[in-house]
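Okay, structure first, notes after.
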Amino acid sequence: MASVERVGLFIGGRWENPPAARRFETVNPATREPLASFVAGTAADVDRAVTAAVQAFPAWKATPAPKRGSILLNAARILAERKERIGRVVTREMGKVISEGLGDVQEGVDFLQYMAGEGRRLFGETVPSELRHKFCLTVRQPKGVVACITPWNFPTAIPNWKMAAALISGNTVVFKPASSTALCGTEVVRVYEDAGVPPGVLNMVTGSGGVVGEAILDDPRVRMVSFTGGVETGRQVYVRSAQTLKKVHLELGGKNPILLMEDADLGLALDGVLFGAFGTSGQRCTATSRLIVHEKVYDEFLGRLVERLGRFTVGDPLDLSTGMGPVASADQEKKILEYIDLGRSEATLRYGGTKLTGGVYDRGYFLAPTIFETRHGTRISKEEIFGPVLSVIKVGSYDEAVRVANDVEYGLSSSIYTRDVNRAFRAVDDLEAGITYVNAPTIGAEVQLPFGGVKNTGNGGREAGTAAIEEFTEVKTVYVDFSAKLQKAQIDTE
Ligand code: NAP
């Protein structure tokens, strides 16, 4: 077997590769070839990374925010220069098709540019005082050391979302990438290093969630953890972090619906459903996993959808003509196939439902795009599958569609296809979700807008946009009394 690159831990501005360390490898889900080897970090490694971040914090906090912004702008430029290469790393390590691999990297470029500009804003408020000769304002201050724990499905975009927002706000960072996409995480860290982020300001410890992740959560010097991943892990992160009273920012799962109304442009909706459900092999937190269709267009639309899927190509994700690549790992494949088995027992399989075999398929984790016709209430219609499996549910009215859409534990993204402007705005009011699209699928966030969900999708925070700055900063309230006498709020009422 060809030897693979041996990546170290990044602590205090140095790459550390202890020869005796336990290691793990990442593999290409399209070919099962190993890509790189990483240190399986320990609690002691986390301790050193947090110490480095603590030591680097005062100088980074004191660095003027516009200067921090110029370093992030360097990072944006370097990431853009490396886009083609890193986009291929994304595709090879995680399996999304190359156009989406490049999109993953572009999202980081966009966000770094956006956050670089925040270095010249980081706005506070000025507020009138109830007393004379008194000036009241707020300023934003960093929290200190923050941890960023990220999933594999947007393996460069999500680390960039978290780290750029944390760094522009003046925090120092300990980053733990998902183990199965540690090379993508490494590429992001190298960009920040080359952009001039000072030693200790950004540290990366690779290794398992159970060891590295929990050591981060247990360390009282880490004042915040920004976590994206599954609901069950998120719950554990929340509970464990309570011991040290950290701020916890959770971005978790989804069961995102498209409501297809009887007056919709069906051709437009067809493109949207295909991209929403089967883009990234259904492994986006915002992926369309439920299609709730008005009975008047149900048969026609489903027929057209199945016909289009017959022409949909699954294969080598580096090939530009491929519609859908593999799923991300053996674990993912196993879990999705279990849900497909469940679907066969509780719903009607309308398309797909198999592991693909023969030729390139035998080397990786390839599944057919899958459609079930089901009633609302089955497990496949309510649980997050996180794969290329779409549940189609027939309804008789807009009101029923909304009831079905809302009757799940999640609330990340949602969409309605309709030509009725009143109904579109009603859906914006009615759908329990952090994001609602009108006449577009549930995926496709833009970095300058807040991103996050309601119900079990999170704990109320938002990623991206200026909302990210609110997550990663403390607000300090400042009262300046220039009256030269003691003035008492609520007591001196004249
Ligand atoms: P996951 O299994 O929950 O893992 C996420 C991260 O947490 C990984 O880095 C993982 O490390 C780490 N981790 C695991 N156990 C931990 C523990 N006990 N303490 C601390 N960290 C721990 O999720 P995933 O399978 O990578 O990602 C898929 C999920 O992410 C889906 O549910 C999807 O909906 C969600 N997601 C949500 C959003 C959003 O913004 N709402 C965006 C993308 C994805 P290891 O890799 O070493 O296990």
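The values are calculated or read from the model by the stated rules, or taken from the named source; none is laboratory data. What you see is a predicted model; the values in this text were computed from it and never measured. Don't worry about glycine lacking a Cβ; one is built from the backbone with ideal geometry, like all the others, and counts go over all protein chains shown. Accessible surface is based on the protein model in full, side chains and every heavy atom, while ligands, DNA and RNA are left aside. Shrake-Rupley method; radii C 1.70, N 1.55, O 1.52, S 1.80 Å.
What single numbered condition from (1) open to solvent by 10 Å² or more (accessible area, probe 1.4 Å); (2) assigned to a helix (DSSP H, G or I) fails to hold for ALA166?
Here ALA166 meets the rest and fails (1).
Got a number for residues in segment 136-152 being farther than 24 Å from SER241 by Cα and either of a type in the set (Val, Ile, Thr) or under 22 Å from the mean Cα position of the chain (by Cα) (or both)?
Keep residues of segment 136-152 that are farther than 24 Å from SER241 by Cα, which gives 136-139.
Keeping just the survivors that are either of a type in the set (Val, Ile, Thr) or under 22 Å from the mean Cα position of the chain (by Cα) (or both) gives 138-139.
The qualifying residues number 2.
Please specify each residue of segment 392-410 satisfying the condition of being within 16 Å of the ligand (Cβ to nearest atom) and either assigned to a strand (DSSP E or B) or more than 11 Å from LYS255 (Cβ to Cβ) (or both).
First pass over segment 392-410, keeping only residues within 16 Å of the ligand (Cβ to nearest atom): 408-410.
Within segment 392-410, just TYR410 meets the criteria.
What's the number of the only condition in (1) among the β-branched types (Val, Ile, Thr); (2) under 24 Å from the mean Cα position of the chain (by Cα); (3) within 21 Å of ASP407 (Cα to Cα); (4) not in a loop (DSSP other than H, G, I, E, B) that ILE371 fails to meet?
Of (1) among the β-branched types (Val, Ile, Thr); (2) under 24 Å from the mean Cα position of the chain (by Cα); (3) within 21 Å of ASP407 (Cα to Cα); (4) not in a loop (DSSP other than H, G, I, E, B), only one is false for ILE371: (2).
Looking at (1) within 16 Å of the ligand (Cβ to nearest atom); (2) more than 23 Å from ALA52 (Cβ to Cβ); (3) in contact with a strand residue (DSSP E or B) (Cβ under 9 Å, 6 or more places away or on another chain), which is the only condition ASP265 fails?
All conditions are met except number (1).
What are the residues in segment 224-243 that are surrounded by 15 or more Cβ atoms within 10 Å (Cβ to Cβ) and either touching a strand residue (DSSP E or B) at 6+ places or on another chain (Cβ under 6 Å) or of a type in the set (A, V, I, L, M) (or both), if any?
Of everything in segment 224-243, those that are surrounded by 15 or more Cβ atoms within 10 Å (Cβ to Cβ) and either touching a strand residue (DSSP E or B) at 6+ places or on another chain (Cβ under 6 Å) or of a type in the set (A, V, I, L, M) (or both) turn out to be MET224, VAL225, SER226, PHE227, THR228, VAL231, GLY234, VAL237, TYR238, SER241.
Can you say whether SER99 is of a type in the set (Gly, Ala, Ser) and more than 23 Å from the chain's Cα centre (by Cα), as far as the supplied structure shows?
On the way: of a type in the set (Gly, Ala, Ser): yes; more than 23 Å from the chain's Cα centre (by Cα): no.
Considered against the rule, which asks whether it is of a type in the set (Gly, Ala, Ser) and more than 23 Å from the chain's Cα centre (by Cα), SER99 comes out as no.
Of the numbered conditions (1) within 27 Å of ASN456 (Cα to Cα); (2) open to solvent by less than 60 Å² (accessible area, probe 1.4 Å), GLU338 satisfies every one except a single condition; which is it?
Condition not satisfied by GLU338: (2).
Test THR378 against the stated conditions and say whether it is among the polar types (S, T, N, Q), part of a loop (DSSP other than H, G, I, E, B) and either free of Cβ contacts under 8 Å to residues at least 60 places away in the same chain or exposed (fewer than 15 other Cβ atoms within 10 Å of the Cβ) (or both).
Details: among the polar types (S, T, N, Q): yes; part of a loop (DSSP other than H, G, I, E, B): yes; either free of Cβ contacts under 8 Å to residues at least 60 places away in the same chain or exposed (fewer than 15 other Cβ atoms within 10 Å of the Cβ) (or both): yes.
Yes, satisfied.
Can you give me the number of residues within segment 348-367 that are open to solvent by 10 Å² or more (accessible area, probe 1.4 Å) and part of a loop (DSSP other than H, G, I, E, B)? Walk me through it before giving the result.
The first filter runs over segment 348-367 and keeps only residues open to solvent by 10 Å² or more (accessible area, probe 1.4 Å), leaving 348-352, 354-363, 365.
The next check asks that each one be part of a loop (DSSP other than H, G, I, E, B); those that pass are 352, 354, 356-358, 365.
Of the residues in that region, 6 qualify.
Quick check on SER345: is it buried (at least 18 other Cβ atoms within 10 Å of the Cβ), assigned by TED's automatic domain parsing to the domain that holds ARG284, among the polar types (S, T, N, Q) and modelled with pLDDT of 95 or more? Outline the logic, then answer.
Working: buried (at least 18 other Cβ atoms within 10 Å of the Cβ): no; assigned by TED's automatic domain parsing to the domain that holds ARG284: yes; among the polar types (S, T, N, Q): yes; modelled with pLDDT of 95 or more: yes.
Against the criterion (buried (at least 18 other Cβ atoms within 10 Å of the Cβ), assigned by TED's automatic domain parsing to the domain that holds ARG284, among the polar types (S, T, N, Q) and modelled with pLDDT of 95 or more), SER345 does not qualify.
Looking at SER391, SER414, SER397 in this structure, which one is surrounded by 24 or more Cβ atoms within 10 Å (Cβ to Cβ), touching a residue at least 40 places away in the same chain (Cβ under 8 Å), under 19 Å from GLU373 (Cα atoms) and not basic (Lys, Arg)? Don't jump to the end; show me each part of the working.
Working: SER414 fails: under 19 Å from GLU373 (Cα atoms); SER397 fails: surrounded by 24 or more Cβ atoms within 10 Å (Cβ to Cβ).
Going through SER391, SER414, SER397 in turn, just one is surrounded by 24 or more Cβ atoms within 10 Å (Cβ to Cβ), touching a residue at least 40 places away in the same chain (Cβ under 8 Å), under 19 Å from GLU373 (Cα atoms) and not basic (Lys, Arg): SER391.
Select from segment 324-335 the residues that are open to solvent by 50 Å² or more (accessible area, probe 1.4 Å) and acidic (Asp, Glu) and list them in ascending order.
The answer is ASP331, and nothing else.
Restricting to segment 144-160, name every residue that is open to solvent by 10 Å² or more (accessible area, probe 1.4 Å) and closer than 17 Å to MET115 by Cα.
Correct list: ILE158 only.
Find the residue count for segment 190-221, including only residues that are more than 16 Å from the ligand (Cβ to nearest atom), open to solvent by less than 10 Å² (accessible area, probe 1.4 Å) and more than 20 Å from ARG82 (Cβ to Cβ).
Summing the residues that are more than 16 Å from the ligand (Cβ to nearest atom), open to solvent by less than 10 Å² (accessible area, probe 1.4 Å) and more than 20 Å from ARG82 (Cβ to Cβ) in segment 190-221 gives 2.
Find the residue count for segment 115-174, including only residues that are of a type in the set (Ser, Thr, Tyr) and within 23 Å of MET94 (Cα to Cα).
Restricting attention to segment 115-174, the residues satisfying the condition of being of a type in the set (Ser, Thr, Tyr) are 126, 129, 138, 150, 156, 169, 172.
Now restrict to residues that are within 23 Å of MET94 (Cα to Cα): 150, 156.
Residues in segment 115-174 being of a type in the set (Ser, Thr, Tyr) and within 23 Å of MET94 (Cα to Cα): 2 in total.
Quick one: ASN171 ticks every box in (1) within 14 Å of the ligand (Cβ to nearest atom); (2) open to solvent by less than 10 Å² (accessible area, probe 1.4 Å) except a single one, so which number is it?
Every condition holds for ASN171 apart from (1).
Among the residues of segment 176-186 satisfying the criterion of being open to solvent by less than 10 Å² (accessible area, probe 1.4 Å) and more than 10 Å from the ligand (Cβ to nearest atom), which is nearest to ALA147 (Cα to Cα)?
Only one residue tops the list, namely THR186.
What are the residue pairs meeting all of these: first residue in segment 206-218, first residue in contact (Cβ under 8 Å) with a residue 12 or more places away in the chain and closer than 21 Å to ARG6 by Cα, second residue more than 6 Å from the ligand (Cβ to nearest atom) and in a loop (DSSP other than H, G, I, E, B), Cβ atoms under 6 Å, and 6 or more apart or on different chains?
Close Cβ pairs satisfying both conditions: THR206/GLY41; GLY207/ALA40; GLY207/GLY41; VAL212/GLY41; VAL212/VAL205.
State whether one or more residues within segment 117-130 are assigned by TED's automatic domain parsing to the domain that holds ILE11, more than 26 Å from THR322 (Cα to Cα), open to solvent by less than 60 Å² (accessible area, probe 1.4 Å) and not in a loop (DSSP other than H, G, I, E, B).
We begin by selecting, within segment 117-130, every residue assigned by TED's automatic domain parsing to the domain that holds ILE11; these are 117-130.
Pick out the ones that are also more than 26 Å from THR322 (Cα to Cα) and you get 117-130.
So of that shortlist, the ones also open to solvent by less than 60 Å² (accessible area, probe 1.4 Å) come out as 117-119, 122, 124, 129.
Pick out the ones that are also not in a loop (DSSP other than H, G, I, E, B) and you get 117-118.
Yes, some residue in segment 117-130 is assigned by TED's automatic domain parsing to the domain that holds ILE11, more than 26 Å from THR322 (Cα to Cα), open to solvent by less than 60 Å² (accessible area, probe 1.4 Å) and not in a loop (DSSP other than H, G, I, E, B).
Within segment 424-438, can one find any residue that is of a type outside the set (D, E, K, R), closer than 30 Å to HIS133 by Cα and assigned to a loop (DSSP other than H, G, I, E, B)?
So in segment 424-438, the residues of a type outside the set (D, E, K, R) come out as 424-425, 427-428, 431, 433-438.
Then drop every residue that is not closer than 30 Å to HIS133 by Cα, which leaves none.
Among the residues of segment 424-438, not one is of a type outside the set (D, E, K, R), closer than 30 Å to HIS133 by Cα and assigned to a loop (DSSP other than H, G, I, E, B), which makes the answer no.
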